[in-house]
Amino acid sequence: MSTTSKKTIGFIGLGNMGAHQASNLIKNGHKVIVYDTSSERMNLLLQKGAELASTPSEIAKRSEIIVTMLPASAHVKNVYLGQDGILSSVKPGTLLLDSSTIDPQTAREVADQAAKHQATLLDCPVSGGTGGAEAGTLTFMVGGKEKDFELAKPILSCMGKNIVHCGDVGTGQVAKVCNNLVLGISMVGVSEAMNLGVKLGMDPKKLAGIFNTSSARCWTSELYNPCPGVLENSPASRGYTGGFGSALMNKDLGLAVDSAKAIGENLYLGNVAHQFYTQMVNKGLGQKDFSAAYEFLQKTPSSK
């Protein structure tokens, strides 16, 4: 058993991803203390063996390792830097693992503040969706020093299958932003092609089968197809529920667009995809899985 496996782990953020991650830490024999703004979510983890905390500050007082999984940069700043935040009572030597998807600059700023409290923050965003979170097969893209990465790896391995050291603090977020840029563009492309094929009279399963055995093959089509009925266990086949929300994808594409602007790079398709998801969110589809891009296209009036 590794040294880190004997330490108490705090976990903050029990959404569709975080709840599964915390559960997997418990399944791997760790003592886990959880906090979320939803008492219902905390009670679900209580039933699985977790202990509860009332604030991020309390988590910090009781934990030697802390994992956070939060929606956006503002939440990360509040949880770490707020009045009752982690850094208000963090113990020297605490390892902080932020799995949120945020901008690289915020990750570096929070890491700098953590260092002033003699704590170490690594940015550890994930890929693999809710299915990967539940199965414990997530990919973690980790930014931080090599020695700190080695300390974090046994903990992250309880929640993921592929643990990749990307470089210094912030590079995990760079990798995640670029990954989701491809994912968002890909989902719009597959949804558009599936929508076109179905409206031209093609059976969606046959069309997807052709995609997946030819040059259109990609993760979005093969493992996360946006057309209902093509894949039995996809969000599309359960009303676009229980997945990665369109509002979150829109947020991530916004991070990519803003990051590109900051260094003067053009994102031709990225800008279009961001505009597309912005329209989806404005139409009330923000809480549905991002594969609802297909549903959005199906219901969009014809331009004829």
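The values are calculated or read from the model by the stated rules, or taken from the named source; none is laboratory data. Quick caveat, the model's predicted, so the values are computed rather than measured. Backbone-built Cβ (ideal geometry, glycine too); neighbour counts: all protein chains shown.
Please work out if LEU297 is out of contact with any Gly (no Cβ under 6 Å at 6 or more places or on another chain), over 19 Å from ASP252 (Cβ atoms) and not in a loop (DSSP other than H, G, I, E, B). Outline the logic, then answer.
Numbers: out of contact with any Gly (no Cβ under 6 Å at 6 or more places or on another chain): yes; over 19 Å from ASP252 (Cβ atoms): yes; not in a loop (DSSP other than H, G, I, E, B): yes.
So LEU297 fits the description; yes.
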**Message:** Looking at segment 148-164, can you tell me whether even one residue there is among the acidic types (Asp, Glu) and not assigned by TED's automatic domain parsing to the domain that holds LYS61?
**Reply:** no
**Asked** How many residues does segment 50-89 hold that are farther than 23 Å from THR101 by Cα and among the hydrophobic types (A, V, I, L, M, F, W, C)?
**Response** 3
**Request:** Select from segment 96-149 the residues that are buried (at least 24 other Cβ atoms within 10 Å of the Cβ) and among the charged types (D, E, K, R) and list them in ascending order.
**Result:** ASP98, ASP123
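Name the single residue, out of those in segment 255-294 being of a type in the set (Gly, Ala, Ser) and part of a loop (DSSP other than H, G, I, E, B), that is surrounded by the fewest Cβ atoms within 10 Å (Cβ to Cβ).
From segment 255-294, those of a type in the set (Gly, Ala, Ser) are 256, 259-260, 262, 264, 270, 273, 284, 286, 291-293; that's our starting set.
Now narrow it down to the ones that are part of a loop (DSSP other than H, G, I, E, B): 264, 284, 286.
Details: GLY264: 6, GLY284: 9, GLY286: 19.
Going through the qualifying residues, I end up with GLY264.
Out of segment 228-254, which residues are outside any loop (DSSP other than H, G, I, E, B) and over 25 Å from SER99 (Cα atoms)?
Initial filter on segment 228-254 (outside any loop (DSSP other than H, G, I, E, B)): 235-238, 245-254.
Result: ALA236, SER237, ARG238.
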**Asked** Being more than 25 Å from VAL142 (Cα to Cα), hydrophobic (A, V, I, L, M, F, W, C) and crowded, with 21+ Cβ neighbours inside 10 Å, is that true of even one residue in segment 28-35?
**Response** no
**Complete:** Checking LEU121, LEU96, LEU151 in turn, the sole residue that is modelled with pLDDT of 95 or more, out of contact with any Gly (no Cβ under 8 Å at 6 or more places or on another chain) and not in a helix (DSSP H, G or I) turns out to be LEU96
**Request:** Would you please list the contacts, defined by Cβ atoms under 6 Å and residues six or more apart or on different chains, that run from a residue in segment 78-101 that is more than 23 Å from PHE140 (Cβ to Cβ) to a residue that is assigned to a loop (DSSP other than H, G, I, E, B)?
**Result:** ASP84/THR55; PRO92/GLN118
**Complete:** Those residues of segment 145-171 which are of a type in the set (Gly, Ala, Ser) and touching a Leu at 6+ places or on another chain (Cβ under 7 Å) amount to ALA152, GLY160
**Request:** List every residue pair whose Cβ atoms lie under 9 Å apart, where the two residues are 6 or more positions apart in sequence or sit on different chains, the first residue falls within segment 207-219 and is in contact (Cβ under 8 Å) with a residue 24 or more places away in the chain, and the second residue, located anywhere, is surrounded by 14 or more Cβ atoms within 10 Å (Cβ to Cβ) and among the polar types (S, T, N, Q).
**Result:** CYS218/SER186; CYS218/ASN212; TRP219/SER186
**Message:** Need the failing condition index for ASN250 against (1) touching a residue at least 40 places away in the same chain (Cβ under 8 Å); (2) surrounded by 15 or more Cβ atoms within 10 Å (Cβ to Cβ), just the number.
**Reply:** (1)
**Message:** Consider segment 171-227. How many of its residues are part of a helix (DSSP H, G or I) and more than 20 Å from GLY132 (Cα to Cα)?
**Reply:** 23
